[in-house]
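Chemist: First the structure, which I've put down as structure tokens, then a few questions once you've had a look.
The values are calculated or read from the model by the stated rules, or taken from the named source; none is laboratory data. The model shown is predicted, which means the values in this text are computed figures rather than measured ones. No Cβ is skipped: glycine too gets one built from the backbone with ideal geometry, and neighbour counts run over all protein chains shown. Remember, those area values only see protein heavy atoms, side chains included, never the ligands or the DNA or RNA. Shrake-Rupley method; radii C 1.70, N 1.55, O 1.52, S 1.80 Å.
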Amino acid sequence: MVLADTRTVILGSFAFVVFWVTATFPKFHALPIGRTAGALASAVLVVICQVDSPDQAYASVNLPILGLLFGTMVVSVYLQRADMFKYLAKALSYRCRGGKDLLCRLSFLVAFTSALFTNDTCCVLFTEFILAFCKERGLPPLPFLLALCTSSNIGSSATPIGNPQNLVIAIKSKISFGKFLVGVLPSMIIGITINTALLLVVYWKQLSIVVIKKVEVRGKDLSQAVEVTNVGNGQIVADLGNRRDYDPMKPNVDVSLQKCRSLGVNSSDKSDKVVQNADINEPSSILNPSGSQVIVIHEANDHVENKTFSEGCEQVINVTSESLEEQQGATATSFDSQISNPSHKSSPHLGFWLKEPKWKEWRSRFWKLSVYIVTLGMLAALLAGLDLSWCTITTAVTLIVLDFEDAGPHLSKVSYSLLVFFSAMFITVDGFNRTGLPETFWNAVEPHARINHFLGTVVLAAVVIMLSNIASNVPTVLLLGPMVAAASSAIPGASETRAWLILAWASTVAGNLTLVGSAANLIVCEQARLSTRMPYNLSFWKHLKFGFLSTLIITIAGLPVIRG
């Protein structure tokens, strides 16, 4: 295709620029209307400027992709109602041994769930949990938020339903769910392993910080919950001795475990005891200094003070006042007698009458089980090669019927603005394609980006990464996908299927390069910034410092194992 006439090139390009600016900078001062309205405005420009006719614009909207996107969102809503993500969070924190352990668990769990329930959904549901966990355990949120962003993008590359660009590729290429999974899964596993290792290396020191909180405790004997020593001014330090039956994630006693040996300290002192009656303003009176960093947080004014502790400390535990009060009301132990807060005591007779009837409890369990079984049935149907869109829509309708109540409140949680955004984007990209600019660009690059040799594959991946961070990954797939596949089918030793899968891998991992490279990144950034529990600003530069290195290494490492 040659370039269109000058008028079409200028107007089609202008409409695409409007789309790109509003999608990348939704609060752009010259046009602060947001992503969805910006996409809709660009689509209208394509039609009123006669780059596309109204019929051509309607025909460019891909209904199978919209149906697949709608179905996966509805299924995710009902899985959330069935507490699936709450159970995943419990699995994530069960017997967690500290920051490094949590980071590894988070990376692999998020990668797995993103492949099945889309990366955007996982980012929405895990961001607040991570911030709460970091606040309670005194951990730095930056490495965990980066792990959530990058792992969700890498993990979502493995399946057609993992992210929007994969939905586009699966529908346009007609690659089956099973073939897609087999083709990209090895790269995903390699990528998530390398990404986790990089996070551990880059943030090792931050993850090695032990945090002790100063809290107000009215009781004296807390040994029935956890053996602790009060060393003055409300400072609580743990003395677990030989006990190994503790669970650091139990809600009744909120504890945060950090072992000095995990900080790289080779302890010569085998004692688990902490010196009693020590002055907390002199850490050396508790432990001999050796370089392990400990932060003492004063809850009253959030003042943070760095101290230097060392070997001999086996475990340090946070016991917050809130968790102790929960313990008072939750259990009938000697807490009621040791901690003077009678308002939390409850009558066993009152608890009997307030207890939920057994039949309601069993009905709730049966419904949750039904949701999980139906979802597994959907995955089995997708693996069997049935139509992607109608499988997910049928699953969504089945879950609505099983719920047996008005579905309006639950369907209102579906992001209809995202469906409008996609519809408008299809029209805008189709108008930009009619200018002839994308094909002209591809004709110049294609001789150097042939996938029958490794260097050409790397060049293709580099082009996709660059365009994905300039024009976003979904428009990049829409613009380049058909041309890349057609060119690959004509090359001896190349495969059209492999070309589509390379495009899926590169465009998805490209989202890790910059903060605006993926919608999942922006979701984590906005949720963290607006969090009421622990607000945190994940800036563009903080993300870029890690994302640039990670994207380059992981993309190149995953390319050789992609099979068509």
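Chemist: State whether one or more residues within the range 99-112 are basic (K, R) and within 23 Å of K413 (Cα to Cα).
Modeler: No, the conditions are met nowhere in the range 99-112.
Chemist: Just checking, how many residues over the range 45-87 are more than 30 Å from L3 (Cβ to Cβ) and in a loop (DSSP other than H, G, I, E, B)?
Modeler: Residues in the range 45-87 being more than 30 Å from L3 (Cβ to Cβ) and in a loop (DSSP other than H, G, I, E, B): 2 in total.
Chemist: Which of the residues spanning the range 183-209 are touching a helix residue (DSSP H, G or I) at 6+ places or on another chain (Cβ under 6 Å), part of a loop (DSSP other than H, G, I, E, B) and over 13 Å from C104 (Cα atoms)?
Modeler: S208
Chemist: Something else: Based on what the data block shows, is T22 within 21 Å of A519 (Cα to Cα), under 29 Å from the mean Cα position of the chain (by Cα) and touching a residue at least 40 places away in the same chain (Cβ under 8 Å)?
Modeler: When the stated conditions are applied, T22 does not pass them.
Chemist: Write out, first by first residue and then by second, each pair whose Cβ atoms fall under 6 Å of each other, whose residues are 6+ apart or on separate chains, and whose first residue, in the range 89-110, is touching a residue at least 12 places away in the same chain (Cβ under 8 Å) and assigned to a helix (DSSP H, G or I) while the second is open to solvent by 40 Å² or more (accessible area, probe 1.4 Å) and among the aliphatic types (A, V, I, L, M).
Modeler: Note: pairs meeting the criteria are S93/M249.
Chemist: Now a separate question. Looking at T24, is it within 30 Å of V202 (Cβ to Cβ), among the polar types (S, T, N, Q) and open to solvent by less than 30 Å² (accessible area, probe 1.4 Å)?
Modeler: yes
Chemist: Run down T118, T72 and say which single residue is under 24 Å from S412 (Cβ atoms), under 13 Å from the mean Cα position of the chain (by Cα) and either in contact (Cβ under 8 Å) with a residue 40 or more places away in the chain or crowded, with 19+ Cβ neighbours inside 10 Å (or both).
Modeler: Exactly one of T118, T72 is under 24 Å from S412 (Cβ atoms), under 13 Å from the mean Cα position of the chain (by Cα) and either in contact (Cβ under 8 Å) with a residue 40 or more places away in the chain or crowded, with 19+ Cβ neighbours inside 10 Å (or both), namely T118.
Chemist: What pairs come out if I take residues in the range 362-378 that are free of Cβ contacts under 8 Å to residues at least 24 places away in the same chain and pair them with residues that are open to solvent by 30 Å² or more (accessible area, probe 1.4 Å) and of a type in the set (S, T, Y) whose C-beta lies under 9 Å away, six or more apart or interchain?
Modeler: Listed by first residue and then by second, the contacts come to G377/T398.
Chemist: Could you grab me the full set of residues in the range 6-53 that are at pLDDT 90 or above and among the charged types (D, E, K, R)?
Modeler: Residues satisfying the conditions are R7, D52.
Chemist: Which one of the conditions (1) more than 23 Å from C49 (Cβ to Cβ); (2) at pLDDT below 90; (3) open to solvent by less than 60 Å² (accessible area, probe 1.4 Å) does L460 fail to meet, given that it meets all the rest?
Modeler: The one condition L460 does not meet is (2).
Chemist: Right, something else. May I ask you to list the residues in the range 103-114 that are open to solvent by less than 10 Å² (accessible area, probe 1.4 Å) and either of a type in the set (A, V, I, L, M, F, W, C) or at positive phi (or both)? Walk me through it before giving the result.
Modeler: In the first step, residues of the range 103-114 are kept if they are open to solvent by less than 10 Å² (accessible area, probe 1.4 Å); the result is 103, 106-107, 110-111, 113-114.
Those that are open to solvent by less than 10 Å² (accessible area, probe 1.4 Å) and either of a type in the set (A, V, I, L, M, F, W, C) or at positive phi (or both): L103, L106, V110, A111.
Chemist: While we're on this one: Answer with yes or no whether S417 is out of contact with any Leu (no Cβ under 8 Å at 6 or more places or on another chain) and under 28 Å from W20 (Cα atoms). Talk me through it step by step, then tell me what you get.
Modeler: Details: out of contact with any Leu (no Cβ under 8 Å at 6 or more places or on another chain): yes; under 28 Å from W20 (Cα atoms): yes.
Yes, satisfied.
Chemist: I'd like the residue in the range 435-457 that is surrounded by fewer than 18 Cβ atoms within 10 Å (Cβ to Cβ) and in contact with a Gly (Cβ under 7 Å, 6 or more places away or on another chain) and, out of all such residues, is modelled with the highest pLDDT.
Modeler: H448
Chemist: Still on this structure: Would you call L40 without any contact (Cβ under 8 Å) to a residue 40 or more places away in the chain and closer than 25 Å to S518 by Cβ?
Modeler: In short, no.
Chemist: A follow-up question, please. Only one of G431, G493 is farther than 21 Å from A170 by Cα, surrounded by fewer than 16 Cβ atoms within 10 Å (Cβ to Cβ) and either of a type outside the set (A, V, I, L, M) or touching a residue at least 60 places away in the same chain (Cβ under 8 Å) (or both); which?
Modeler: Within the list G431, G493, the selection yields G493.
Chemist: Right, something else. Taking V231, is it modelled with pLDDT under 50, more than 22 Å from R105 (Cβ to Cβ) and open to solvent by less than 20 Å² (accessible area, probe 1.4 Å)?
Modeler: In short, yes.
Chemist: Give me a count of the residues in the range 389-424 that are open to solvent by 50 Å² or more (accessible area, probe 1.4 Å), among the polar types (S, T, N, Q) and at pLDDT below 90.
Modeler: Number satisfying all stated conditions: 1.
Chemist: In the set I161, I192, which member is under 20 Å from V477 (Cα atoms) and open to solvent by less than 10 Å² (accessible area, probe 1.4 Å)? Write out each step before concluding.
Modeler: Details: I192 fails: under 20 Å from V477 (Cα atoms).
Of the residues listed, the single one that is under 20 Å from V477 (Cα atoms) and open to solvent by less than 10 Å² (accessible area, probe 1.4 Å) is I161.
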